[in-house]
1. If I take the Cα coordinates of the chain and project them onto the principal axes, what are the three extents in Å, biggest first?
2. Out of segment 23-88, which trypsin sites (Lys or Arg not before Pro) are coil in DSSP terms and have no more than 14 other C-beta atoms within 10 Å?
3. Going by alpha carbons, how many degrees (0 to 90, nearest 10) lie between the helix axis of 79-104 and the longest principal axis of the chain?
4. Could you give the distance between the Cα centres of segment 55-109 and segment 1-49, to the whole Å?
5. Tell me the mean residue ellipticity at 222 nm calculated for the chain from its helices only (DSSP H runs of n ≥ 4, each -39500 (n - 2.57), averaged over every residue, nearest 500).
6. If you consider only alpha-carbon coordinates, what radius of gyration and Dmax does segment 25-88 have, in Å?
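Values in this text are rule-based calculations from the coordinates and carry no lab data. For clarity, every value in this text was computed on a predicted model and none was experimentally measured. Don't worry about glycine lacking a Cβ; one is built from the backbone with ideal geometry, like all the others, and counts go over all protein chains shown.
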Amino acid sequence: MPGEVRVSLELIKPVALALCLLSIWAVFQVVFFSPELELEDMGWRAVVLLAMAAGIAVSSGMIFLPEGARGLGNCLRTLPVQLFCWGVGVIAVMFVAARYCEAHCIIVKNACRI
């Protein structure tokens with residue numbers, strides 16, 4: 001019986017990692033590719049998706065824990081949680097840079113007119 005559990009756990013790991021990546025991608029989509037949303041609406045949607053992505057990452061991290069490892073410190077060292085942390089950090093930096101460039105730089109919105 002324990003061997004069957006170990007095999008099924010190894011089969012679940014790629015699915016959990018894919019769900020983690022898709023949840024981070026959903027946050028990226030809302031933040032950068034939703035021009036019809038106002039900034040406040042986009043922010044609330046991003047926060048809700050970010051909370052769901054964090055839950056998916058932590059639950060995926062628990063699946064990735066080695067046998068006998070317990071605690072939040074060990075969970076933070078797993079691949080899905082690290083991908084979540086790096087992904088959110090990169091999205092935050094890109095969002096701030098995009099807003100800065102939008103406010104302070106000349107960006108041609110329709111290059112076909114030139």
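1. For the chain, the Cα spread along each principal axis is 68, 26, 23 Å.
2. R70, R77
3. Rounded to the nearest ten degrees, it is 10.
4. Centre-to-centre distance over Cα atoms comes out at 11 Å.
5. My calculation for the chain gives -27000 deg cm²/dmol from helical runs alone.
6. 14.3, 48
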